[in-house]
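Asker: Pasting a structure here, questions to come.
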Amino acid sequence: MMRSAVRGIGSALPRRIMGNKEFEGLVDTSDEWIVQRTGIRQRHIAADDETTASLGEDAARKALENAGLEPGDIDLIVLATSTPNNTFPATAVEIQDRLGMHHGYAFDLQAVCSGFVYAITVADLHIRGGLARRALVIGSETFSRILDWSDRTTCVLFGDGAGAVVIEGIEGEGSSADRGIIASSLRSDGAQKDKLYVDGGPSTTGTVGHLRMQGREVFKHAVGMITDVIENVFAKADVTAGDIDWFVPHQANKRIIDASARKLGIAEEKVVVTVDLHGNTSAASVPLALAHAVADGRIKRGDLVLLEAMGGGFTWGAVLLRW
Ligand code: UT7
């Protein structure tokens, strides 16, 4: 049975780090409130010359280098983003061009904070379906560009960055002992679209718009949605929480991460947390956290890794893979 296994990983962050204290001069907030309610201590903010395409390219180059591959070895790029460089063409084709890759195909996928979990699932299907042999799956975002910097309920929460993996088809035996993606579960519910959205777009206002969120409403639904899709992948793969080596959740709020791990019965020391360093980077959050835990030596070849995300739409999903 064909499996899509991770061969390389990379990440990129804007040069500028913005600490919580800096917000105290912008809106009525405090470092203490932000840390207590979210766990965020700092985030990276893109300069004018740092875009979703440039950060995505940087992360992709590092993932290729880590994999020991060249752009010529890749035949698919899936970019998860809600903050593309342009309305069209897809920022994925801009990254394709920046990499000097003029074969294969590239497209953007938009599932807000669940984007990377959706994208790696879609790339897995393209590989197992025979359309591609190797794919770059990138999550890259510049949410700082769509924030309302006068709204304290949202501007303190988000940051910019990118993460990328190279996945490739390998032969497996069809069990959860295989390397690669073992099970995925994706969900959405458009009835919740007004809880987290951007108030602009090409076909409505003709503007880019700003992010709006009913934070408490999102919070209320988050843990239930996350644990639902995770229990679904556990059932599909016939594994339990005790089998998981690393839980790499979407990094929106430390309280949501802790509550989800507790409900699932995943030990605290197996949970990768980077929300303190990066804030919520939407589709970049899971690959950034993955890259962090690979770089510091926690995630190693053969480990069973659980990815999860939820966000605007609502969209939510989970992926179980063996590193
Ligand atoms: O990635 C997509 C998924 N997104 C999420 O997962 C976000 C989910 N939501 C959350 O993480 C949390 O709901 C927030 C961090 C956004 C807010 O935390 P909360 O504990 O739910 O706070 P709250 O919205 O109930 O607000 C509590 C108080 C309010 O004041 P009153 O009404 O009690 O007087 C807010 O106005 O905190 C106030 N507040 C702030 N105070 C200082 C809201 N934002 C701030 C702020 N600084 N930045």
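The values are calculated or read from the model by the stated rules, or taken from the named source; none is laboratory data. Note that the structure is predicted; figures quoted are calculated from it, not measured. Neighbour counts are summed over all protein chains in view; Cβ atoms, including those assigned to glycine, are modelled from backbone coordinates with ideal geometry. The accessibility values were calculated without ligands, DNA or RNA, using every heavy atom of the protein model including side chains. Shrake-Rupley method; radii C 1.70, N 1.55, O 1.52, S 1.80 Å.
Asker: Rounded to the nearest 5, what % of the DSSP beta bridges within the chain are antiparallel ones?
Answerer: Of those bridges, close to 70 percent are antiparallel.
Asker: Can you give the net charge of the other residues whose Cβ lies under 12 Å from the Cβ of A162, counting K and R as +1 and D and E as -1?
Answerer: Local charge sum for A162: -3.
Asker: Can you give the FRET efficiency to the nearest 0.05 for A191 and K263, using r as the Cβ-Cβ distance and R₀ = 25 Å?
Answerer: 0.60
Asker: Given the options G302, G209, A53, identify the residue whose Cα lies farthest towards the positive end of the charge dipole of the chain (+1 on Cβ of Lys, Arg; -1 on Cβ of Asp, Glu).
Answerer: It is G302.
Asker: Could you sort 281-292, 78-89, 117-128 so that the peptide with the highest average Cβ count within 10 Å comes first and the rest follow in order?
Answerer: My ranking of the peptides, most packed first, is 281-292, 117-128, 78-89.
Asker: I would also like to ask the following. What are the extents of the Cα atoms of region 1-131 along their three principal axes, listed from largest to smallest and rounded to whole Å?
Answerer: Result, largest extent first: 53, 33, 30 Å.
Asker: Continuing with this model, one more query. Using each residue's phi in region 147-153, evaluate 6.51 cos²θ - 1.76 cosθ + 1.60 at θ = phi - 60° and report the 3J(HN,Hα) Karplus result to the nearest Hz, with x for Gly and Pro.
Answerer: 7, 8, 6, 9, 9, 5, 6
Asker: Turning to a different aspect of this structure: Please give the charge dipole size of the chain, origin at the Cα centre, charges +1 on K and R Cβ atoms and -1 on D and E Cβ atoms. Round to the nearest 20 debye.
Answerer: Dipole magnitude for the chain comes out near 440 debye.
Asker: Let me ask something else. Pop out the ³J(HN,Hα) list for region 290-296 in order, Karplus 6.51 cos²θ - 1.76 cosθ + 1.60 with θ = phi - 60°, rounded to Hz; leave Gly and Pro as x.
Answerer: Result, rounded to whole Hz: 4, 4, 4, 6, 6, 5, 8.
Asker: Shifting gears a bit: Among 208-215, 22-29, what's the highest-first ranking by average C-beta atoms within 10 angstrom per residue?
Answerer: Put in order of decreasing packing, that is 208-215, 22-29.
Asker: Kindly state, as a whole number, the per residue volume in cubic angstrom of the convex hull around the alpha carbon atoms of region 121-233.
Answerer: Spread over its residues, the Cα hull of region 121-233 gives 159 Å³ apiece.
Asker: Apply the a/c threshold of 1.5 to the C-alpha gyration tensor of region 180-322 and tell me whether it is rounded, prolate or oblate.
Answerer: Verdict is prolate for region 180-322.
Asker: On to the next question. Give me the distance between the Cα centres of region 202-248 and region 109-163, rounded to whole Å.
Answerer: Region 202-248 and region 109-163 have Cα centres separated by 13 Å.
Asker: Heavy-atom accessible area per residue, the chain, 1.4 Å probe: how many Å²?
Answerer: That works out to 41 Å² per residue.
Asker: Which whole-Hz couplings ³J(HN,Hα) result when phi for each residue of region 208-218 is put into the Karplus expression 6.51 cos²θ - 1.76 cosθ + 1.60, θ = phi - 60°, listed in order with x for Gly and Pro?
Answerer: 3J(HN,Hα) across region 208-218, in whole Hz: 6, x, 10, 5, 10, 8, 8, x, 5, 5, 5.
Asker: Each label point is 7 Å from the Cα along the Cα-to-Cβ direction; what then is the distance between the points at D276 and K300, in nm?
Answerer: Distance between label points: 2.4 nm.
Asker: If each DSSP helix of 4+ residues adds -39,500 (n - 2.57) and the sum is divided by the residues in the chain, what number results at 222 nm, nearest 500 deg cm²/dmol?
Answerer: About -9500 deg cm²/dmol.
Asker: If amide H atoms are built 1.01 Å from N in the plane of the peptide, which residues on other chains or at least 5 residues away come under 5 Å of the amide H of A183?
Answerer: Close amide H contacts, sequence-distant or interchain: L320.
Asker: So which lysines can K300 reach, going by Cα to Cα under 20 Å and dropping same-chain residues fewer than 8 places off?
Answerer: Straight-distance partners of K300: K62, K270.
Asker: Here is a follow-up. What FRET efficiency, computed as 1/(1 + (r/R0)^6) with R0 = 30 Å and r the Cβ-Cβ distance, is obtained for D31 and D199, rounded to the nearest 0.05?
Answerer: 0.60
Asker: Let me check I have the definition right: for the chain, take the eigenvalues of the Cα gyration tensor, multiply each by 5, take square roots. What are those semi-axes in whole Å, largest first?
Answerer: 28, 24, 18
Asker: Of the listed peptides 174-187, 248-261, what is their order by residue-averaged count of other C-beta atoms within 10 Å, with the highest listed first?
Answerer: 248-261, 174-187
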